[in-house]
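The values are calculated or read from the model by the stated rules, or taken from the named source; none is laboratory data. Just so you know, these numbers come straight off a predicted model, no measurement behind them. Please note: Cβ atoms are built from the backbone with ideal geometry, for glycine as well, and neighbour counts cover all protein chains shown.
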Amino acid sequence: MDPNAPHTFVVEPRPEGRGERWNPLVRTASLGAVVAAWEVVARSGAVPAVFLPPPSTVAMELARMAVRGELARSLGLSLGRIGLGFLLGSGAGLLVGTFAGASARVEAVVDPLLSATYPIPKIALLPLLVLWLGIGEASKVAVIAIGAFFPVAVGAMAGIRGTDPLLVRVAVSLGATPLQVIFKVRFPSALPVIFAGLRLAAGMSLLLVVSAEMIAATAGIGFTILHAGDLMQTPRLLAAIVVLSVFGILSTWLLQVLERAVVRGRS
Amino acid sequence: MRVRFESVRKTYRRRNGIEVEALAGIDLVVDASEFVCILGPSGCGKSTLLLIAAGLVPPTAGRVVFEGTPAGHPRTAMVFQEFALFPWRTVLHNVAFGLEVRGVRRAERVERALAWIRQVGLAGFEDRYPHELSGGMRQRVGIARALCVDPAVLLMDEPLSALDAQTRQLLQVDILALWERSRKTVLYVTHNIQEAVFLADRVVVLSRRPGRVREILYVPFGRPRTEDLLADPEFARFCHRIWTSLRDEAQAAMQEADGGS
């Protein structure tokens, strides 16, 4: 047949892909498979239990820690430090970022300071904070607050400054005062960016609470991990890590729920 | 309520420091309850004129005088080409925004906003968010939001330019009906000749940049107007007469834009 001859081509219906539907199943299955493989390898004796105890042992240890109240005690301490530090830091970041984003004058003062101090690894400040505030709770809360401050301040500043100027114009033309423009237009418009900052701040808080407790604490999840490592109590060490990762997942989820409740009207 | 533009000039300074004259001395009087359309080629500064009237942009020289502004009313409210709705607010709270920032009690502002939502034909959509609405519905919200503060002058900056042709025609008819009920003073910017003639008492034709008043035409068609007017040969003739006056300006404006500005 002549390949250049006119020919007929038909577009027909074809079955729709259905990959999406079993996606969640694959996800849980992959996690289960890794845990199962870990159990098998650990039980086979190929690796000494002190390096890699099986997940079942870690789970038993976790249950034991929970029953003895050890879990609640150290988790409570860490949560208190995180909660207070995160609230103080992100609150301050929100305040500073909002006004720096809304006013060129405030930004001129704040922006160079932020840019100069943002890159400091916050954990490096801990010895200084201990010197100033003592080895107690205050220094640990302070280092977390500082860590949470920056991403929220930078996010709020970018979001507030990036508000569609047309929306600001509309508000002014309808009689909004400068403060009303900030709180009724710029702030709600910046919320998605602010939440991105809050998520970063939550991750930073978790990182800093563990680091701070490893350096300067006698209790808390971070201390438990370090202490268990020193004593080669590997199941205890891993159990504490599991607790941390569950906490990380929960805090991300909580922020998502909050964001969905607060951020409105976007498709 | 009269608005007098007295030798209003506007010069912008571009980022590269070059000064661009947008408006070169506009003199114009808009009477109470008059519907005036400002027509001009793109980039002739007609939107700038509205922004100046709204107090959002200061004139470089000249002034705008609002004579006999009724007490307790804002001078102007503006409808924008891009709708510019607050995406996080429902239809109701978009429309009520102006009253909210003016400190009107909640019950009263909700009542007044609902009345305007009905007027623009959006009853039943009060609790929708802007992204759930079509373009035509969004601009209805924009119009209701501006009218809700009961401004002395309504400023409309190409309110229908972002809509498809059919929606545009439907909204033209609705705007006309709204105006005939309220008899508000309207200053309406457009680049669409048919739209200007269909809506306006007077059409002000601006020249290309720097904008100056080239011609002011009284629209000879009586009111109330209906869509039948669009099929009237007299209507077509009148529009064509404006086009012949505008054509050279539009051509020159287009070539200037092509030449890189």
Verdict on B:VAL64 being crowded, with 17+ Cβ neighbours inside 10 Å and in contact with a Gly (Cβ under 9 Å, 6 or more places away or on another chain): yes
State whether one or more residues within the stretch B:211-223 are touching a Gly at 6+ places or on another chain (Cβ under 7 Å), over 20 Å from B:ASP31 (Cα atoms), in contact (Cβ under 8 Å) with a residue 60 or more places away in the chain and not aliphatic (A, V, I, L, M). yes
Could you please let me know if B:LEU92 is of a type in the set (A, V, I, L, M, F, W, C) and either within 9 Å of chain A (Cβ to nearest Cβ) or more than 17 Å from A:LYS184 (Cβ to Cβ) (or both)? no
Could you run through the stretch A:211-267 and say how many residues are within 14 Å of chain B (Cβ to nearest Cβ) and either within 15 Å of A:LEU75 (Cα to Cα) or not small (Gly, Ala, Ser) (or both)? 6
Hey, B:VAL101 without any contact (Cβ under 8 Å) to a residue 12 or more places away in the chain, within 14 Å of chain A (Cβ to nearest Cβ) and crowded, with 16+ Cβ neighbours inside 10 Å or not: yes
If I filter the stretch A:89-101 for residues that are at pLDDT 90 or above and surrounded by fewer than 15 Cβ atoms within 10 Å (Cβ to Cβ), do I get at least one hit? yes
Which residues, counting only those in the stretch A:131-149, are closer than 15 Å to A:VAL96 by Cα and touching a residue at least 60 places away in the same chain (Cβ under 8 Å)? A:ALA145, A:GLY147, A:ALA148, A:PHE149
Within 14 Å of chain B (Cβ to nearest Cβ) and among the aromatic types (Phe, Trp, Tyr), is that true of A:PHE183? yes
Among helices (runs of 4 or more DSSP H) completely within the stretch B:44-147, the ones holding 2 or more residues that are aliphatic (A, V, I, L, M) and touching a strand residue (DSSP E or B) at 6+ places or on another chain (Cβ under 7 Å) are B:46-53
Determine if the stretch B:62-78 includes at least one residue that is of a type in the set (A, V, I, L, M) and either touching a Ser or Thr at 6+ places or on another chain (Cβ under 6 Å) or within 14 Å of another protein chain (Cβ to nearest Cβ) (or both). yes
Within the stretch B:85-98, restricting to residues that are touching a residue at least 40 places away in the same chain (Cβ under 8 Å) and surrounded by fewer than 24 Cβ atoms within 10 Å (Cβ to Cβ), the one that is nearest to the chain's Cα centre (by Cα) is B:PHE86
Kindly establish whether B:GLU6 is in contact with an Asp or Glu (Cβ under 8 Å, 6 or more places away or on another chain), in a strand (DSSP E or B) and either of a type in the set (Phe, Trp, Tyr) or more than 18 Å from B:PRO151 (Cα to Cα) (or both). yes
With the structure loaded, tell me whether A:ALA190 is within 14 Å of another protein chain (Cβ to nearest Cβ) and in contact (Cβ under 8 Å) with a residue 60 or more places away in the chain or whether it fails that test. yes
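So that you can scan it fast, the table gives a plain yes or no per residue for (1) within 14 Å of chain B (Cβ to nearest Cβ); (2) more than 24 Å from A:LEU198 (Cα to Cα); (3) surrounded by fewer than 19 Cβ atoms within 10 Å (Cβ to Cβ); (4) touching a Phe, Trp or Tyr at 6+ places or on another chain (Cβ under 7 Å):
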site: A:ALA116; (1), (2), (3), (4): no, no, yes, no
site: A:LEU128; (1), (2), (3), (4): no, yes, yes, no
site: A:LEU133; (1), (2), (3), (4): no, yes, yes, no
site: A:THR163; (1), (2), (3), (4): yes, no, no, no
site: A:VAL172; (1), (2), (3), (4): yes, yes, no, no
Search the stretch B:57-68 for residues that are without any contact (Cβ under 8 Å) to a residue 12 or more places away in the chain and pair each with any residue that is outside any strand (DSSP E or B) when their beta-carbon atoms are under 8 Å apart and the residues are at least 6 apart or on different chains. B:PRO58/B:ILE52
Counting residues that are in contact with a Phe, Trp or Tyr (Cβ under 9 Å, 6 or more places away or on another chain) and among the polar types (S, T, N, Q), which helices (runs of 4 or more DSSP H) fully inside the stretch A:23-104 reach at least 3? A:70-102
Exactly one condition in (1) within 30 Å of B:ARG214 (Cβ to Cβ); (2) buried (at least 17 other Cβ atoms within 10 Å of the Cβ); (3) of a type in the set (Gly, Ala, Ser); (4) within 14 Å of chain A (Cβ to nearest Cβ) is false for B:GLY55; which is it? (2)
Right, A:ALA176: in contact with a helix residue (DSSP H, G or I) (Cβ under 9 Å, 6 or more places away or on another chain), more than 10 Å from chain B (Cβ to nearest Cβ) and without any contact (Cβ under 8 Å) to a residue 12 or more places away in the chain or not? no
